[in-house]
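Since the structure comes first, as structure tokens, the remarks are kept for the end.
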Amino acid sequence: MNDPLAVIAELPGVPEAVQEAREAVDRLYRHPVLRRRSPEVSAESALRGARASAAIEGVDVPLEELRRGEVTDPVVQGALRASTEIGRLTSLWRSAPPQVLARLHAVAAVGLTDDPGRPRSTPTDADPLGLGPAPGPEETAARLSMLTRLLTGDTKAPALVLAAIVHAELVTLRPFGVADGLVARAAARFTLVERGLDPKSLCAVEVGHAELGDAYPEALRSYQTGTPAGLAGWIRHCADAVVLGVRETTAICEALSR
């Protein structure tokens, strides 16, 4: 059976990066605080991840204001709503990706569009990360169908590789024309959870992407080249984001232990 993700997983530097991320997550899961307080850690990770995802979209707010419920910006609220869907929608992610994406967008894009949850049927000039023009509606629909086949099919590739492809495709395609980054990063976390790398959704991977700064859009632009080097560079970037996300969650655990 053809397994394109397995081929991507063997590109230069990818196995080592994936292994480093896997080991970081495994170390996190051995933290003693998680024996009794993993739901608290997961909730705090989701909060910090949503804040970071909104910051990548250009809306950076203080964590304490977010914690106190003082932030009404629709991008931030959309990121928060998307993060709360993980527990409800993860079980459907492998069997019904289009429906999950529509639901994610429906909650993430409230106040940003009059038609949340519906893929665009016209070109879009949305480009918050400076990636260049988005593909047209026909190409976008075709690539979303291909992405659905990857998600619903079998692959021997690690969860991180699949999550990286999901993330990059959704950001690149901009299938909704607004709030696509919020949806992409939430879908990537869904994939890490559903495919078993981070089943308790502890890793604040969005924080990792935000901390990497300009390297995030640069890695996405490399992905868009479609070259082996570009694909490998993007997946290595995603592995780095996981490692940084683990560092953030470890800090949460340490704070709770005190």
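Under a point-charge model restricted to the Cβ atoms of Lys and Arg (+1) and Asp and Glu (-1), what is the dipole moment magnitude of segment 12-102 relative to its Cα centre, in debye to the nearest 20?
Using only the charged Cβ atoms, the result is roughly 520 debye.
Assuming a ≥ b ≥ c are the square roots of the Cα gyration tensor eigenvalues, decide whether segment 1-50 counts as rounded (a/c under 1.5), prolate (otherwise, with a/b larger than b/c) or oblate.
Because a/c hits 1.5 or more and a/b exceeds b/c, segment 1-50 counts as prolate.
How large is the direction-averaged shadow of the alpha-carbon convex hull of segment 1-149, in nm²?
12.0
Rounded to a whole number of µm²/s, how large is the Stokes-Einstein D of segment 89-227 at 20 °C and 1.002 mPa s, given Rh as the Kirkwood radius over C-alpha pairs?
Stokes-Einstein gives a translational diffusion coefficient of 140 µm²/s.
Let's test the formula: R0 of 51 Å, r as the Cβ-Cβ distance of residue 65 and residue 3. What FRET efficiency results, to the nearest 0.05?
So, using R0 = 51 Å, E works out to roughly 0.65.
For segment 57-125, just list the percent of Cα-Cα distances falling in each 5 Å bin from zero outward, please.
For segment 57-125, the binned pair fractions read 3, 15, 21, 21, 17, 13, 7, 2 percent.
Compare the peptides 34-41, 179-186, 17-24 by average per-residue count of other Cβ atoms within 10 angstrom and give them in order, highest first.
179-186, 17-24, 34-41
Tally Lys and Arg at +1 and Asp and Glu at -1 over the other residues with C-beta under 13 Å from the C-beta of residue 6: what net charge comes out?
-2
How long are the semi-axes of the equivalent ellipsoid of the chain, defined as square roots of 5 times the Cα gyration tensor eigenvalues? Whole Å, largest first.
26, 23, 17
Could you tell me what percent of the accessible area of segment 129-203 is made up of carbon and sulfur, with a 1.4 Å probe and every protein chain present?
It is 58 percent, rounded to a whole number.
With unit charges on the beta carbon (Lys/Arg positive, Asp/Glu negative), name the residue among 83, 53, 4 whose Cα is farthest towards the positive pole of the charge dipole of segment 1-110.
83
Starting from the eigenvalues of the Cα gyration tensor, five times each then square-rooted, give me the equivalent ellipsoid semi-axes of segment 111-183, largest first, whole Å.
23, 13, 12
Any idea what log10 I(q)/I(0) is at q = 0.11, 0.25, 0.27, 0.30 Å⁻¹ for segment 18-82, Debye with uniform C-alpha scatterers and no solvent?
Evaluating at q = 0.11, 0.25, 0.27, 0.30 Å⁻¹ gives log10 I(q)/I(0) of -0.34, -0.97, -1.04, -1.18.
Karplus couplings for segment 172-179 from phi (6.51 cos²θ - 1.76 cosθ + 1.60, θ = phi - 60°), rounded to Hz, Gly and Pro as x?
5, 6, 6, x, 9, x, 7, 6
Just grab the label-to-label distance for residue 96 and residue 200, each label 7 Å out from Cα along the Cβ direction, in nm (one decimal).
Taking the two extended label points, one gets 2.9 nm.
Calculate the FRET efficiency for residue 22 and residue 138 from the Cβ-Cβ distance with a Förster distance of 41 Å, rounded to the nearest 0.05.
0.65
Below 9 angstrom from the Cβ of residue 208, what's the summed charge of the other residues (Lys, Arg +1; Asp, Glu -1)?
-3
Can you find, among 62, 117, 92, the residue sitting farthest towards the positive end of the charge dipole of segment 32-118, where Lys and Arg contribute +1 and Asp and Glu -1 at Cβ?
92
About its Cα centre, what dipole magnitude does the chain give when the only charges are +1 on Lys and Arg Cβ and -1 on Asp and Glu Cβ, stated in debye to the nearest 20?
940
Stick to Cα atoms and the Kirkwood definition of Rh, then tell me Rg/Rh for segment 185-255.
Dividing the radius of gyration by the Kirkwood radius yields 1.02.
Using the heavy atoms of the protein chains and a 1.4 angstrom probe, tell me the accessible area per residue for the chain in square angstrom.
45
The values are calculated or read from the model by the stated rules, or taken from the named source; none is laboratory data. Since the model is a prediction, treat every value here as computed from it, not as a measurement. When we count neighbours, we look across all protein chains shown, and the Cβ atoms used for this are built from the backbone with ideal geometry, even at glycine. To get the accessible areas, we keep the full protein, side chains included, count just its heavy atoms, and leave off ligands, DNA and RNA. Shrake-Rupley method; radii C 1.70, N 1.55, O 1.52, S 1.80 Å.
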